[in-house]
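What follows is a set of notes on a single structure, which appears directly below.
The values are calculated or read from the model by the stated rules, or taken from the named source; none is laboratory data. Since the structure is predicted, the reported quantities are computational estimates derived from the model, not experimental observations. Positions of Cβ are backbone-derived with ideal geometry, glycine not excepted, and every protein chain shown enters the neighbour counts.
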Amino acid sequence: MGLKKTLIEPKIVEKKAFRVMGIMVYGNPLTINYDEVWRQFMSSYYDRIARRSTDKAYYNVYFNTDEDNAVELIAGMSVKRSWPVPKGLATREIPAARYAMFGCLINVIELTYGYIHNKWFPASKYEWDKSKPDFEYFSPGFSVGNIPVLIYIPIREKLISLSVSQV
């Protein structure tokens, strides 16, 4: 299936704040070994987090850093705010925000991000709100293969700047 057949215009949604608990990794999102991160999560931590999960879904949450091309990634599940954090895991709050939600299959996720940042944002009335994390949502019970994913990018309306000649 080609990229054109898998891309749809996003749905603009408001999400309430929630908390994610999982493995934290620091690095370039293009070079992180996601298979290894999720293998470690499933083999070492899944049982402890799954019973605490609020929705049984899986998340990759990307927190921007001051360093170019570097993020703090939490690969995990949503949990209640009151749960203590087991050793080896991290928890972070995802604030309430407005998101552009894009659906795709995992095999075209990099192409989808390229479309979002290089085509959709320039043509839309929105810009990326880098003060908030973006995240990927994987339905409960996903398995290996070409799985569906929802990409949530925090947005805000673009500010219109007027030049002196326009005033």
| query | If we keep just the residues of region 91-131 that are assigned to a strand (DSSP E or B) and of a type in the set (Asp, Glu), which is farthest from ILE74 (Cα to Cα)? | reply | GLU127
| task | Return yes or no: is GLU14 modelled with pLDDT of 95 or more, loosely packed, with under 12 Cβ neighbours inside 10 Å and over 14 Å from the mean Cα position of the chain (by Cα)? | result | yes
| query | For region 61-92, how many residues are charged (D, E, K, R) and either modelled with pLDDT of 95 or more or surrounded by 15 or more Cβ atoms within 10 Å (Cβ to Cβ) (or both)? | reply | 2
| Residues in region 43-66 that are touching a strand residue (DSSP E or B) at 6+ places or on another chain (Cβ under 9 Å) and part of a loop (DSSP other than H, G, I, E, B): how many? | 6
| So which residues in region 6-34 are in a strand (DSSP E or B) and closer than 25 Å to ASN107 by Cβ? | LYS11, VAL13, VAL20, GLY22, ILE23, VAL25, GLY27
